[in-house]
Amino acid sequence: MNRLFLLLVAPLALAALPACSSTTTAAPSAGGGGETTEDAGTPEDEIPPGGTQCTAARKTHLLPISKVSTGEVKVVSTEGGVTTLYVDASAGGAMEAARSPRTYIKLTGERVEVNDNQAFESSDWDLALKRVDIFTNGGDAGPGKGGAAKVSKDFDEVTAEDADAVTIAPEKFFDEECVGRKDEAEFIVTTFAGWYDYAVGAGPTVHEGVTFIVRGADGASRYKVGIVSYTGKSDGSTDGQATGRFILKVAAL
């Protein structure tokens, strides 16, 4: 199994070119969600809401589906201020991913009942998940004030001081020509780039020692998010066979 088999969105995406341009550029997967002058300490009323001028390109780059995901979202446990979540973002498996919607959640642990097209106009969700793709509600992704930054620390070691020290970037899916940004495996580049490692025959596995500082769609809430497993089960165990089923740790900062 090679990397392109993991998510069969790429062939459909390349067949439908963005309205703003006739080419597709690649961006390194470690590039995060693009540059921004905002930082974690920016007051909520100074954070611009998201939204994009590349609306036609967004449809061909993200391939929105007009139905609500039925993927299960469950709070597995809450202890010491840390919530463990199970999120089914398997999207029917690799073969059905191109025809299945994203799963949208609040970082307080609830699934948000919106489809992909409604999510473009909704500030109710904080994270969107589908297979390896994870992104926030801000910038090119939605009307919220969300964003994320990667911290090279284990989840338990990350503090509010780390959040104060990083630049939280909104999602930047497109360049100035409205051309969709993709990594070398043809996955979209998001602020959660770098959360997984890949090995031929094994597929994606969680990159250890990485945590994400996430600003909620409201522009005020901040969380640390750790990805524990990509093969989780709803009971919180991590030894499942199906991929795209996340175990996340979430704590407010």
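What whole number of Å gives the distance from the Cα centroid of region 199-253 to the Cα centroid of region 120-159?
For region 120-159 versus region 199-253, the Cα centre distance is 12 Å.
Summing Lys, Arg as +1 and Asp, Glu as -1, what charge do residues with Cβ under 15 Å from the Cβ of residue 238 carry, residue 238 excluded?
For residues surrounding residue 238, the net value is 0.
What is the local net charge at residue 44, summed over the other residues whose Cβ is closer than 9 Å to its Cβ (Lys, Arg +1; Asp, Glu -1)?
It works out to a net charge of -2.
For region 128-167, which trypsin sites (Lys or Arg not before Pro) are in a loop by DSSP, counting at most 16 other Cβ atoms within 10 Å?
153
For 164, 45, which order do you get if you count the other beta carbons within 10 Å of each Cβ and list the fewest first?
Starting with the residue having the fewest Cβ neighbours, the order is 45, 164.
Given a cut-off of 26 Å, name the pairs among 74/172; 59/233; 59/224; 59/249; 130/224; 145/233 whose C-alpha atoms lie farther apart than that in the structure shown.
74/172; 59/233; 59/224; 59/249; 145/233
Give, in nm to one decimal, the length gained when the segment between residue 200 and residue 75 is fully stretched (0.36 nm per residue of separation minus the Cα-Cα distance).
Full-extension gain reported as 41.8 nm.
On alpha-carbon atoms, Rg over Rh for region 55-127 using Kirkwood Rh?
1.02
Students often forget the sequence filter, so: which aspartates and glutamates lie under 18 Å Cα-Cα from residue 153 once same-chain residues fewer than 8 apart are removed?
The reachable aspartates and glutamates, counting only those whose Cα sits under 18 Å from residue 153, are 161, 162, 164, 197, 208.
Listing 234, 66 from the residue with the fewest other Cβ atoms within 10 Å to the one with the most, what is the order?
66, 234
Relative contact order for region 190-253: what percent, with Cα pairs under 8 Å and sequence separation of 6 or more?
Once normalised by length, the contact order is 25 percent.
With labels modelled as points extended 7 Å from the Cα through the Cβ direction, what inter-label distance (nm, one decimal) is found for residue 207 paired with residue 152?
1.0 nm
What number, in nm² with one decimal, is the all-direction average of the projected area of the convex hull of the alpha-carbon atoms of region 85-168?
Its Cα hull, projected and averaged over all orientations, spans 6.4 nm².
Here, each number is a calculation from the coordinates, and none is a lab measurement. No experiment lies behind these values; they were computed from the predicted model shown. Quick reminder, even Gly has a Cβ in these numbers, built from the backbone with ideal geometry, and neighbours come from all protein chains shown.
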